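Colleague: Handing you a structure now.
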Amino acid sequence: MASLVFRQAVSSFPSAGPSCSSGCHHDSRNSLVKLLPKVNKINLGCSATSTCSSVHKHSWALQASTSQISVADTISSPSNDTTNDKPKKTNEAALILIRHGESMWNEKNLFTGCVDVPLTKKGVEEAIEAGKRISNIPVDMIFTSSLIRAQMTAMLAMSQHRRRKVPIIMHNESEQAKSWSEVHSEDTIKQSIPVVTAWQLNERMYGKLQGLNKQETAEKFGKEKVHEWRRSYDIPPPDGESLEMCAERAVAYFKENIETQLQSGKNIVIAAHGNSLRSIIMYLDALTSEEVINLELSTGIPLLYIFKEGKFMRRGSPVGPTEAGVYAYTRRLAAYRQKLDDMLQ
């Protein structure tokens, strides 16, 4: 029974999701991502109406398994309880975004896109540092792209978490893969975190630029043309994706598969890429196409959002495991950290 529940928690995720149906508001504060001087006076504190799903299609499976994979055996994950007698309320949840650390092609100054290359030693260190920054924040589920550099970042980051749960990649590509990767221990499931990989969270595909040296490409085609390919919102590189095209798939997947889990109170980590995360932040912070192209994300620096009452509130980047004030953004996070401290003394 243990293996069935753990597998059901993620096996129902589709490869892509449709747009959501009801409105919600988004709020952002304390931004630690950088906006270039061109837009440094943009008010990111405004709210904007966008779409999100209010139908918890997959929450039944996750609800069934979360009691087993949460910290309830020693520490309760700080999610709000509801009863069958009362209408369900929107739960508060933490959302952590992490851009992967330096890859081996980043180091060589090559266009990477959807080519699957691993992290460098520096990238590994960045992932570990990211993990230290979120080591006191509850994590119920992890989403990554299908690319190894994002998956390495998620795994290395979670190796630093004080709860010491083991992230397990869910293999749903075939019935045999599901069967062969089943876990048959209730105790092991309680100490595990499901990791869902999705190509929709991949970096944008750079087409014929992939594998080319960035400096040499600028010399060949001109700096302005290459800058247009890299930084415009709706102009793709040759045979590649524009940021707009990347945003269509990444945001649709987020709404259908990730936001629904946040609505049910699950605490989520997304380890992905500069452009797929930029697309998601555009949705969370209600940025315009002009604003998002100037958005800079540092590698290996986690960004924390609190999802509550249909709003995403940006809370910056946790400084580190000894910075108690960071975790007092909400009472629930503060309580979770305190229970960790009590348990691990």
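Read-outs: derived from the displayed coordinates by stated rules, not from any lab. As the structure is a prediction and not an experimental result, all values here were calculated from the model.
Colleague: Treating segment 174-262 as a set of equal point scatterers at the Cα positions, no solvent, please give the Debye-formula log₁₀ I(q)/I(0) at q = 0.12, 0.22 Å⁻¹.
Modeller: Reported log10 I(q)/I(0), two decimals: -0.60, -1.07.
Colleague: Once the cut-off is 16 Å, how many percent of the Cα-Cα pairs in segment 222-267 end up in the long-distance tail?
Modeller: Every Cα pair in segment 222-267 considered, those over 16 Å come to 51 percent.
Colleague: Grab the eigenvalues of the alpha-carbon gyration tensor for segment 229-316, scale each by 5, take roots, and send me the semi-axes largest first in whole angstrom.
Modeller: Calculated on Cα positions only, the semi-axes equal 24, 14, 12 Å.
Colleague: Check which residues have an amide H placed less than 5 Å from Met141's amide H, if you skip close sequence neighbours.
Modeller: Long-range HN contacts for Met141: Asn267, Val269.
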